[in-house]
Amino acid sequence: MRVPLSWLREYVDVPAEASPEDVLAALVRVGFEEEDVHGFDLSGPIVVGEVLEFVEEPQSNGKTIRWCQVRVAPDGQTAADGGPAVHGIVCGASNFFVGDKVAVTLPGSVLPGPFPIAARKTYGHISDGMIASAKELGLGEEHDGILRLSALGIDAPVGTDAIALLGLDDVAVEINVTPDRGYALSLRGVAREYAHSTGATFRDPGLRPAAEVQPGAGFALAVTDDAPIRGRVGVSEFVVRVVRGVDAAAPTPSWMIARLTLAGIRSLGVLIDITNYVMLELGNPIHGYDLDKLADGIIVRRAAQGEQLQTLDGKVRTLHDEDLLITDASGPIGLAGVMGGGTTEMGEDTTNVLIEAAIFDTVSIARTARRHKLPSEASRRFERGVDPQIPFVAAQRVADLMVQLAGGTIDPLGAALFTEWNRPALTLPVGFVQGLIGVNYPTSEVIDALRLIGCDVEDRGDDLVVSPPSWRPDLTDKWTLAEEVARIGGYDRIPSILPTPPSGRGLTAAQQGRRRVGNALAAAGYVEAPSFPFTTDEQNDLHGSASGGHLPSVKLANPLDGQAPFLRRSLIPGLLRVAHRNVARGFTDLALFETGVVFLPEGGVEYGTTFVPPLAVRPDAATLAALDASLPPQHRHVAVLLTGSIVPKQPGSAAQAAGLADALDAVRTIASASGVTVDVAQGERAALHPGRTGVLSVGSTAVGYVGELLPTVAEAADLPGRVIVAELDLDLVLSMAGAKVVAASLSGYPAATQDVSLVVGADVPAAEVRAALTEGCGDLLESLSLVDDYRGRGVEEGSKSLTFALRFRAPDRTLTAAEATEAKLAGLSVAAERFGATLRE
């Protein structure tokens, strides 16, 4: 909201010496956010000049200029720039005449831009200044010709300071108004808040005797809302009155143009300017109709599905049956509370005006504005709530200004439909504000603060009965009343005390586990790279399925990217996009990871719902359960991706390319942080290289996979070289961790090491042989690792030799070689029983 200070001073006593920064500081104290200070960004000397004569001079470029003699100071006096009273000025416009009063920017002045003015040679003359247009002065967008002061109804003496005359010395402060404080989208509301902050006297422009603002009678007006939203009729108050004999071509006063411009609204002619001015002044949007274009009376109703309306912006809009319309006998003439229609628009030939001031339902207007992507100054106010006691005053104010500025006459024809405004009082327990805010507010201070903002307060001992004012629809309970007391009392009084959290709360076991995994991967050198959860159906099939077959995916109704409308079943597609973006920017050595949710819908199940719970009402347990049931299963996964070099090239050492072993190290890091042991067995996946793919499992439960992407898949992702990935179901892994992991005690006794080479079938997974050895060796086995996989001379075809390094240790004694050998042979026995393993000779 932009607030011109000259306008603000009409309703509240702002000291003459107060700067814009002082005004902003006062408004910040009562809860507004400071945005900016706006002015016309010009400086003088800019004066009123009179065109004495001019000579039209055609130029070789086809343009005709005027060499003008302009009086800029009374005869015999020195001009404001120290020059003669008559200046020679070159002007390219042709819309002025001898004797016209104009705004002259003399040498030394600066126009918005900044555009400094100086005497300069042009078209064979020394132009000693410039005759300004409205656009050059910042008063509008008109740039077709210079500004003739007579068009503004101004006839000031030559040499008068045009900056003050046109209101160009005014400034506006801009504040951010939160959605719950719609009353502050008006000068009336901001002036009231400035008074609250400073104690200055406030003069309410909305206070007028009821008899003075009655709109008359006789105009046909009806409301037929057969389908109210949430049971609330779309319009609760509708006031119309008529002004006849207006002059639509009458000039808008310069002070009004200046104020509207500073407030961010363009001047569009005196009639529209008046409606915009009153909207800014009182906060009630006003619409004016050309009465002669109306067909009979007005009916406010809901639109028929598919009905059409051409709005003031020239667009034909197809309407929804929730849209609230202003109609006459010809059909729709306005989108209520949002934008008027083109058929009844006020124009240059308008002589009779019908003024509308209304109160529309906030939800209805908000939905319409969003549905049609048509935010407007009117909808912005209606969807936040307008004072229900202001439309009569606003309509009268517009009528008065049309009489004053456009020469009209108020007609007794008019009408009003309204419901009696009545809000239930609120109960505020004594002591509630102190307990909530943490400041010792005496009851008298609470009462004074609430009365200051316009509430009626009745003290009933233990409780205060509070009736909020009509312009504060946001005051709905004791908590909002307490906020107002804190705001008026000053936020600086609220102590900064960190509350003590209740015991027993904090991160859940799953949250702690996810955090451990993320921290462990980051510590291992991986970079976390969150990505959007959107992908294609093909990517879901390729990376979400081991076979590459089709899997059901969730398709979004309104995706951010139409080419990726599905929710992901795997984290790998997102990591591939991140890797591609980095490689394209020259970062070729990557170690990335992501933890995130994947969406795993089941075939034959319909997900999603068209039901939208109503706002401002807490859904019951059944509604929440139904909404939860409409969501697909969502699991949190963790994935890693490596490409390029894991160790960069350095003096004396070549670069070491990332390989499958590095991805397995990442898997072990995840397993260690989760408190589980992950086994790897050879497997197959459609997107991964045969023979370089592993299935990850905890016990007998598969939890993920690891492997190298097929070259064709890496090439399709625009990634050069080898790409290694791994993905685990993190929720499943953490759920299998069980109780807290207790670190084993370290034995002080020496270890006994043994090697064993076993010959098994080539199709027997090494991980299963390792598991059999581990089981057979018993508790004395401290570690077991595969050190060699040999296939060649000395080993029968169809077989392979697996060599394992075993380390044994006892917690209470030094093991003998015999004990270690006995344990090793026990492991061999289990492997022989399961796989026919024999010792290699």
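The values are calculated or read from the model by the stated rules, or taken from the named source; none is laboratory data. Values in this document were obtained by computation on a predicted structure and should not be read as measured data. Neighbour counts are summed over all protein chains in view; Cβ atoms, including those assigned to glycine, are modelled from backbone coordinates with ideal geometry. Surface areas here come from the heavy atoms of the whole protein model, side chains and all, with no ligands, DNA or RNA. Shrake-Rupley method; radii C 1.70, N 1.55, O 1.52, S 1.80 Å.
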| message | Within region 442-456, does at least one residue satisfy the condition of being surrounded by fewer than 17 Cβ atoms within 10 Å (Cβ to Cβ), in contact with a helix residue (DSSP H, G or I) (Cβ under 7 Å, 6 or more places away or on another chain) and not acidic (Asp, Glu)? | response | yes
| In region 141-176, residue farthest from residue 32 (Cα to Cα) [restricted to those that are open to solvent by 10 Å² or more (accessible area, probe 1.4 Å) and under 30 Å from the mean Cα position of the chain (by Cα)] | 171
| query | So residue 577 fits all but one of (1) farther than 28 Å from residue 526 by Cβ; (2) open to solvent by 70 Å² or more (accessible area, probe 1.4 Å); what number is the exception? | reply | (1)
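Scan region 441-476 for residues that are in a helix (DSSP H, G or I) and not hydroxyl-bearing (Ser, Thr, Tyr) and jot them down.
445, 446, 447, 448, 449, 450, 451, 452
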| Members of region 758-799 found to be in contact (Cβ under 8 Å) with a residue 60 or more places away in the chain, open to solvent by 30 Å² or more (accessible area, probe 1.4 Å) and either out of contact with any strand residue (DSSP E or B) (no Cβ under 9 Å at 6 or more places or on another chain) or outside any helix (DSSP H, G or I) (or both), listed by number | 759, 765
| request: Test each condition in (1) under 30 Å from residue 672 (Cβ atoms); (2) outside any loop (DSSP other than H, G, I, E, B); (3) among the hydrophobic types (A, V, I, L, M, F, W, C) for residue 479 and report the one that comes out false. | output: (1)
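Considering every residue within region 645-665, establish whether at least one is farther than 29 Å from residue 711 by Cα, touching a residue at least 40 places away in the same chain (Cβ under 8 Å) and surrounded by 11 or more Cβ atoms within 10 Å (Cβ to Cβ).
Checked against the condition, which is being farther than 29 Å from residue 711 by Cα, touching a residue at least 40 places away in the same chain (Cβ under 8 Å) and surrounded by 11 or more Cβ atoms within 10 Å (Cβ to Cβ), region 645-665 yields no hits at all.
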| Conditions (1) more than 26 Å from residue 558 (Cα to Cα); (2) in contact (Cβ under 8 Å) with a residue 40 or more places away in the chain; number of the one not met by residue 635 | (1)
| request: Could you tell me whether region 627-641 includes any residue that is over 25 Å from residue 544 (Cα atoms) and among the polar types (S, T, N, Q)? | output: no
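Select from region 693-730 the residues that are part of a loop (DSSP other than H, G, I, E, B) and either in contact with a Phe, Trp or Tyr (Cβ under 7 Å, 6 or more places away or on another chain) or in contact (Cβ under 8 Å) with a residue 12 or more places away in the chain (or both) and list them in ascending order.
Passing the criteria: 699, 710, 717, 718, 719, 720, 721, 722.
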| Which of the residues belonging to region 731-744 are part of a loop (DSSP other than H, G, I, E, B) and either farther than 21 Å from residue 785 by Cα or open to solvent by less than 40 Å² (accessible area, probe 1.4 Å) (or both)? | 736, 737, 738, 739, 740, 741, 742
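Scan 47, 3, 14, 23 and give me the residue that is open to solvent by less than 30 Å² (accessible area, probe 1.4 Å) and either in a loop (DSSP other than H, G, I, E, B) or without any contact (Cβ under 8 Å) to a residue 24 or more places away in the chain (or both).
Answer to the selection: 14.
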| Residue, surrounded by the most Cβ atoms within 10 Å (Cβ to Cβ), within region 193-205, restricted to residues that are in contact with a helix residue (DSSP H, G or I) (Cβ under 8 Å, 6 or more places away or on another chain) and assigned to a helix (DSSP H, G or I) | 194
| said: Let me confirm something: among 757, 801, which residue is at pLDDT 90 or above, among the small types (Gly, Ala, Ser), out of contact with any helix residue (DSSP H, G or I) (no Cβ under 8 Å at 6 or more places or on another chain) and within 29 Å of residue 704 (Cα to Cα)? | reply: 801
| query | So residue 28 fits all but one of (1) among the β-branched types (Val, Ile, Thr); (2) more than 30 Å from residue 2 (Cβ to Cβ); (3) modelled with pLDDT of 90 or more; what number is the exception? | reply | (2)
| request: Considering each residue of region 666-688, count those that are open to solvent by 50 Å² or more (accessible area, probe 1.4 Å) and either touching a helix residue (DSSP H, G or I) at 6+ places or on another chain (Cβ under 8 Å) or among the polar types (S, T, N, Q) (or both), and give that number. | output: 5
| note | With criteria (1) among the polar types (S, T, N, Q); (2) open to solvent by 70 Å² or more (accessible area, probe 1.4 Å); (3) in contact with a helix residue (DSSP H, G or I) (Cβ under 8 Å, 6 or more places away or on another chain), residue 60 comes up short on (3)
| Given (1) surrounded by 22 or more Cβ atoms within 10 Å (Cβ to Cβ); (2) in contact with a Gly (Cβ under 9 Å, 6 or more places away or on another chain); (3) among the aliphatic types (A, V, I, L, M), where does residue 600 come up short, assuming only one miss? | (1)
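Looking at this structure, is residue 106 under 17 Å from residue 159 (Cβ atoms) and open to solvent by less than 20 Å² (accessible area, probe 1.4 Å)? Spell out how you get there, then give the answer.
On the way: under 17 Å from residue 159 (Cβ atoms): yes; open to solvent by less than 20 Å² (accessible area, probe 1.4 Å): yes.
Taking the combined requirement at face value, the residue satisfies it.
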| Criterion: hydrophobic (A, V, I, L, M, F, W, C) and assigned to a strand (DSSP E or B) - qualifying residue of 401, 417 | 417
| message | Restricting to region 687-729, count the residues that are at pLDDT below 90 and of a type in the set (Gly, Ala, Ser). | response | 4
| Of the residues 544, 489, which single one is of a type outside the set (A, V, I, L, M), free of Cβ contacts under 8 Å to residues at least 60 places away in the same chain, surrounded by 13 or more Cβ atoms within 10 Å (Cβ to Cβ) and in contact with a Lys or Arg (Cβ under 8 Å, 6 or more places away or on another chain)? | 544
| Total residues in region 106-115, condition of a type outside the set (Gly, Ala, Ser) and in a loop (DSSP other than H, G, I, E, B) | 4
| query | List pairs: first in region 499-526 and free of Cβ contacts under 8 Å to residues at least 24 places away in the same chain, second assigned to a loop (DSSP other than H, G, I, E, B), Cβ under 8 Å, 6+ apart or cross-chain? | reply | 515/507
| remark: Scanning region 319-368 residue by residue, those in a helix (DSSP H, G or I) and open to solvent by less than 30 Å² (accessible area, probe 1.4 Å) turn out to be 363, 364, 365, 366, 368
| Of the residues 528, 538, which is out of contact with any Lys or Arg (no Cβ under 9 Å at 6 or more places or on another chain), modelled with pLDDT of 90 or more, closer than 30 Å to residue 677 by Cα and among the acidic types (Asp, Glu)? | 528
| Any idea which residue in region 818-841 is farthest from residue 773 (Cα to Cα), counting only those that are open to solvent by 30 Å² or more (accessible area, probe 1.4 Å) and assigned to a loop (DSSP other than H, G, I, E, B)? | 841
